[in-house]
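In what follows, a structure is listed as structure tokens, so that the remarks can point back to it.
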Amino acid sequence: MGRRPRTIEVADDGWSVSILDQTALPHRVVVRTVTTCAEMAEAIRTMRVRGAPLIGAAAAYGLCLALRTDPANAAVDAAMTMLRATRPTAVNLAAALARLDAVVRPLPLGSRVAAAYAEAAALCVEDVAINQAIGDHGAALLRTVAAADGRVQVLTHCNAGYLATVDWGTALAPVYRAHDGGVPVHVWISETRPRGQGALTAWELGQAGVPHTVIADNAAGHLLGTGKIGICLVGTDRTTATGDVCNKIGTYLKALAARDNDVPFYACVPGPSIDWSLRSGADIPIEERDGDEVRRVSAGDGSGTMVRLVPDGTPVANPAFDVTPGRLVTGLITERGICVASAAGLAGLYPERARA
Ligand code: MRU
């Protein structure tokens, strides 16, 4: 896999933050410079940056930008409140803010900005290493499926590729590592209405030369039922200590169809996406997004023109995530290895967290 555009990085001036604006993809590659905490909050809320690990990194840098303006406790509290309110489901966002807060709060005001930038950078470096390790564990699995079937047919949902992280991705990391290692792999990408993150997955796999095909969301059950899929790989926005997996809306239906057809269904779960405080997926807050995302669709020409799909004023609901119970998940692919999607499985890989 060759050099990819960076999803987020500190700019050459050493303090402002460059983000790849994902609302312009797949039509245009647009890099925006973010200079304030409020701008970063807007970028997260409107999904210019998106994907659980990436919004954690973006929130961390948002807090750095806030500290540059005012490093006092009251300003830190206000910035954290603003950033936390942007997107409630991915645990990475709140966890990244808590991590930076724990570092800066004990420090004198004059040392806080530098310490925050250093911690945000460390978080990004860790994200890359975690995803690469998930890639290696998952690629071994794909190699096994390919050895049996000749070519491994992966079904994925949403975008859990490098665009959703600092690099590599979660669910696509095994695909990239397998492809780079010579394993014949083809990826079926569900469109992921209403935001169409499947187009992002198609864009990044296309750039990397990984064979892929986009399907309408409703086609997944048919493919699973007719033997076209060897393995399902999805990401997660929050996984409970008991192995319930919250991910993009539509994931649960795929898990049900996979189980009915005995197709292995794996979630790729970085440690920072595990919420050790929760024992049930029912307790995960599910983001309800603006109904216009369902009512309207982009004209698809990169112009920003939106086309209405339903009668004017139609009431719509737009839950952005769903929960797949651990019992429907074949396994969790983490940076520490693969485990059963259960409290015992996760405790085996993260004994120190499970005990805490
Ligand atoms: O609403 P999004 O696009 O931020 O949702 C992203 C997902 O649900 C991804 O599948 C998830 O973050 C996977 S982990 C990279």
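Details
- Filter result (among the small types (Gly, Ala, Ser), touching a His at 6+ places or on another chain (Cβ under 9 Å), outside any helix (DSSP H, G or I) and more than 13 Å from the ligand (Cβ to nearest atom)) within the range 202-261: GLY209
Residue by residue, here is whether (1) within 15 Å of the ligand (Cβ to nearest atom); (2) assigned by TED's automatic domain parsing to the domain that holds VAL91; (3) touching a strand residue (DSSP E or B) at 6+ places or on another chain (Cβ under 6 Å) holds:
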{"residue": "SER303", "(1), (2), (3)": "no, no, no"}
{"residue": "ASP312", "(1), (2), (3)": "no, no, no"}
{"residue": "PRO315", "(1), (2), (3)": "no, no, no"}
{"residue": "THR324", "(1), (2), (3)": "yes, no, yes"}
{"residue": "ARG327", "(1), (2), (3)": "no, no, no"}
{"residue": "THR330", "(1), (2), (3)": "no, no, yes"}
{"residue": "GLU335", "(1), (2), (3)": "yes, no, no"}
{"residue": "ALA343", "(1), (2), (3)": "no, no, no"}
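- Some residue of the range 279-296 being more than 15 Å from the ligand (Cβ to nearest atom) and either under 19 Å from ILE338 (Cβ atoms) or in a strand (DSSP E or B) (or both): yes
- Failed item in (1) touching a residue at least 60 places away in the same chain (Cβ under 8 Å); (2) touching an Asp or Glu at 6+ places or on another chain (Cβ under 6 Å); (3) closer than 26 Å to ARG28 by Cβ, with GLY230 passing the rest: (3)
- VAL128 being under 25 Å from GLN22 (Cα atoms) and of a type in the set (A, V, I, L, M): yes
- Any chance THR251 is among the polar types (S, T, N, Q) and farther than 23 Å from ARG87 by Cα: no
- From the list ARG289, ARG238, ARG259, ARG279, the one residue that fits, being charged (D, E, K, R) and either at pLDDT below 95 or surrounded by fewer than 17 Cβ atoms within 10 Å (Cβ to Cβ) (or both), is ARG279.
- Within the range 155-187, being away from the ligand (no atom under 15 Å from the Cβ) and part of a strand (DSSP E or B) holds for VAL185, HIS186.
- Single match in PRO26, PRO5 (criterion: surrounded by fewer than 19 Cβ atoms within 10 Å (Cβ to Cβ) and within 16 Å of the ligand (Cβ to nearest atom)): PRO26
- Filter result for the condition that a residue is at pLDDT below 95, basic (Lys, Arg) and either assigned to a helix (DSSP H, G or I) or within 21 Å of the chain's Cα centre (by Cα) (or both), over ARG4, ARG99, ARG87: ARG4
The values are calculated or read from the model by the stated rules, or taken from the named source; none is laboratory data. Here the structure is a predicted model, which is why all the values come from computation and not from measurement. Using ideal geometry, Cβ is built from the backbone for each residue, glycine included, and neighbour counts are taken over all protein chains shown.
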